[in-house]
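All remarks here apply to the structure that follows.
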Amino acid sequence: MRPLSLLAASLLVLALPAAAFDHTYAAWDALLKAHVRYVEGGHASRVDYAGMQRDAAKLAAVLDEDQKVTRAEFDGWTKPQQEAFLVNAYNAFTVKKILTRYPDIKSIRDFGTVFGNPWKDKFFTLFGAPATLDMIEHEMLRKPGVYDEPRIHFAVVCASIGCPMLRNEAFTADKLDVQLEDGIRRFLSDRSRNRYDPAQARLEVSKIFDWYGGDFEKGNRGYTSVKATLAKYADLLADRPEDRAAVQGERAAVSFLEYDWSLNDAKP
């Protein structure tokens, strides 16, 4: 090929538009379908981290695509597209963090709660700058006036048994509302983490409602308080009609269960 032809070919390559971001998250979705197992009747899940480790190259490719997204590109997306991206990125980077120590890890807290804190560790980049899991969750997803979506707490997963389940599918903009609603319903259906105790006339629920109770008090998505939120899902928390009525009437006291920080590992 002549020099002029080489130059023309090079300019043509540079002129080609970058590949569009895959909002179906096909690669991440495939990893989740391969390595996430539903347990407890579909109300919880476990992650086959050993399998994820074998597919480390595929996970790395997913994370590379996430890290290529620019702020300008992100800002041009719809809000559901942005939310789906942030949730998927949070969950994928969390899996990556666990794999840096797997199998010699029993809890995500093994990294440390002060020094080495996995939520504050800048172990990846987002929009071209060092980023943390806390940044995604608290500075973006929970930022007031942006998404105002309390159900996000049942979508981002901290690799622990006490957490809501990691879905075996990626979040996508076209299914986001259905997926978020399904997430809170599955979580509240797990009686090991959320339940009504008729003997004590008391709701015993996840610490998530303690830590982030304020997110359920702002009227966003119709959630006005923790008690009102639990009342909406009374049929999942109690069995007898009179117990459900107590929850629906917001007459039950609320207590918070200890959080299980054990790794959500699907070991044989």
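The values are calculated or read from the model by the stated rules, or taken from the named source; none is laboratory data. This is a predicted model, so every value here is computed, not measured. Every residue, glycine among them, receives a Cβ derived from its backbone with ideal geometry; neighbour counts consider all protein chains shown. All accessible areas refer to the heavy atoms of the entire protein, side chains included, with ligands and DNA or RNA removed. Shrake-Rupley method; radii C 1.70, N 1.55, O 1.52, S 1.80 Å.
Computed as a quarter of the hull surface, the mean projected area of the alpha carbon convex hull for the stretch 199-268 stands at 6.4 nm². Accessible area per residue for the stretch 107-186 is 40 Å², calculated with a 1.4 Å probe on protein heavy atoms, without ligands, DNA or RNA.
What would the Debye equation give as log₁₀ I(q)/I(0) for the stretch 159-224 at q = 0.25 Å⁻¹, counting only Cα atoms as equal point scatterers? With one equal scatterer per Cα and no solvent, log10 I(q)/I(0) is -1.27. Evaluated at q = 0.18, 0.20 Å⁻¹, the base-10 log of the normalised Debye intensity for the stretch 18-123, with identical point scatterers placed on the Cα atoms, takes the values -1.01, -1.17.
In percent, rounded to a whole number, the relative contact order of the chain is 22, using alpha-carbon pairs under 8 Å and six or more apart. With 0.36 nm allotted per residue and the present C-alpha distance subtracted, the ALA245-ASP174 stretch has 22.1 nm of extension available. Protein heavy-atom surface of the chain, 1.4 angstrom probe: 54% of the accessible area is carbon and sulfur, with nucleic acids and ligands not counted. One quarter of the convex hull surface built on the alpha carbon atoms of the chain amounts to 17.4 nm², the projected area averaged over directions. For the pair SER225 and ARG202 in one chain, pulling the backbone fully straight at 0.36 nm per residue adds 6.6 nm over the alpha carbon distance. Available extension along the chain between VAL114 and TYR38 is 24.2 nm, counting 0.36 nm per residue and deducting the alpha carbon span. Taking a point 7 Å out from the Cα of VAL69 in the direction of its Cβ, the residues of the stretch 155-192 whose backbone N falls within less than 12 Å of it are 171-173. Computed from the Cα positions only, the extents of the stretch 114-241 along the three principal axes stand at 54, 34, 29 Å, in decreasing order. Where does helix 56-68 land angle-wise versus the long Cα axis of the chain, in degrees 0 to 90, nearest 10? The helix 56-68 is inclined about 80 degrees to the chain. Each other residue within a Cβ distance under 11 Å of GLY116 adds +1 if Lys or Arg and -1 if Asp or Glu, for a net charge of +2. Peptides 67-78, 159-170, 193-204 ranked from most to least packed, by the mean per-residue count of other Cβ atoms within 10 Å: 159-170, 193-204, 67-78.
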